[in-house]
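The values are calculated or read from the model by the stated rules, or taken from the named source; none is laboratory data. Note that this is a predicted model, so its numbers are computed, not measured. Cβ sites come from the backbone with ideal geometry, for glycine too, and all protein chains shown count toward neighbours.
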Amino acid sequence: MSMHVPAVPAEVRVDTVAHNGVVDQSNEAELVAAMREERSRKRLRQTVRDMLLSMLVVTGVVALLVLPWNRGNPDPVRAIDPAPVVQGARTAETWPVLAPRGLSAQWRCTSARISTASDGEDVVHLGYVTPSAAYIGVEQSATRAVSFVHEQSLGGLHEGTVEIAGQTWTRLATPDRRSLLRAESGVTYVVTGSAAWPEIEAFTKALVAG
């Protein structure tokens, strides 16, 4: 015996299919949206990671460029001990050889030598870098060469006198050079350099014989 199934009206079937279709499309849209959001998050994470890596690379390059310059600039001044030259000159010469005494460590001797003037007399030279990084030297000799003072002072012109440690010194000056001159018992002493007058006079005050 067969059972008779009543027919479903066409409009009902269409509505049901349409309803089911909408549900399926809605689920698919949500899935696509979720996938797109996940891809966006991955791209964002990738972008942040790439930025961090780039920053690390740039930082490393900058460090390599900067570190060699942060090791400290070497001091270009090569200081020497003038004692051997001073002692040798005081032994060899019959006149008082001057040398500074009591200067601070900021005064650094960079040259010391005994040379010869145009008339064959010895010239004792001591050169120093001052605390202000200027230059001062003392040139001393028993030479009778009239050109000695002119050469050592670079043609300095007379600018009066100054009393230093009870002795009278003559000031000589050019735009770039200042000098103090004193002659005593046939010996000429010239303190000269690029330093300003206060350092020139401080150095001269420190000069002693023996």
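Below are the figures for this structure:
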quantity: Evaluation of G102 against (1) at pLDDT 95 or above; (2) surrounded by 10 or more Cβ atoms within 10 Å (Cβ to Cβ) (one fails), failing number; calculated: (2)
quantity: Count of residues meeting criterion [farther than 18 Å from I200 by Cβ and either without any contact (Cβ under 8 Å) to a residue 40 or more places away in the chain or touching a His at 6+ places or on another chain (Cβ under 6 Å) (or both)] in region 121-143; calculated: 4
quantity: Residue ID - surrounded by the most Cβ atoms within 10 Å (Cβ to Cβ), chosen from residues in region 153-201 that are hydrophobic (A, V, I, L, M, F, W, C) and either out of contact with any Leu (no Cβ under 8 Å at 6 or more places or on another chain) or part of a loop (DSSP other than H, G, I, E, B) (or both); calculated: A195
quantity: Residue list for region 121-152, filter: within 38 Å of the chain's Cα centre (by Cα) and either small (G, A, S) or assigned to a loop (DSSP other than H, G, I, E, B) (or both); calculated: G127, T130, P131, S132, A133, A134, G137
quantity: Selected residue (only one of V208, V162, V191 is among the hydrophobic types (A, V, I, L, M, F, W, C) and farther than 22 Å from A83 by Cα); calculated: V162
quantity: Residue in region 96-117 that is within 18 Å of R177 (Cβ to Cβ) and within 30 Å of the chain's Cα centre (by Cα) present; calculated: yes
quantity: Residue check for S118: touching a residue at least 12 places away in the same chain (Cβ under 8 Å), of a type in the set (G, A, S) and either within 14 Å of V190 (Cβ to Cβ) or not in a loop (DSSP other than H, G, I, E, B) (or both); calculated: no
quantity: Cβ-Cβ under 9 Å pairs, at least 6 apart or on other chains, region 79-91 side in a helix (DSSP H, G or I), far side at pLDDT below 95; calculated: R90/G210
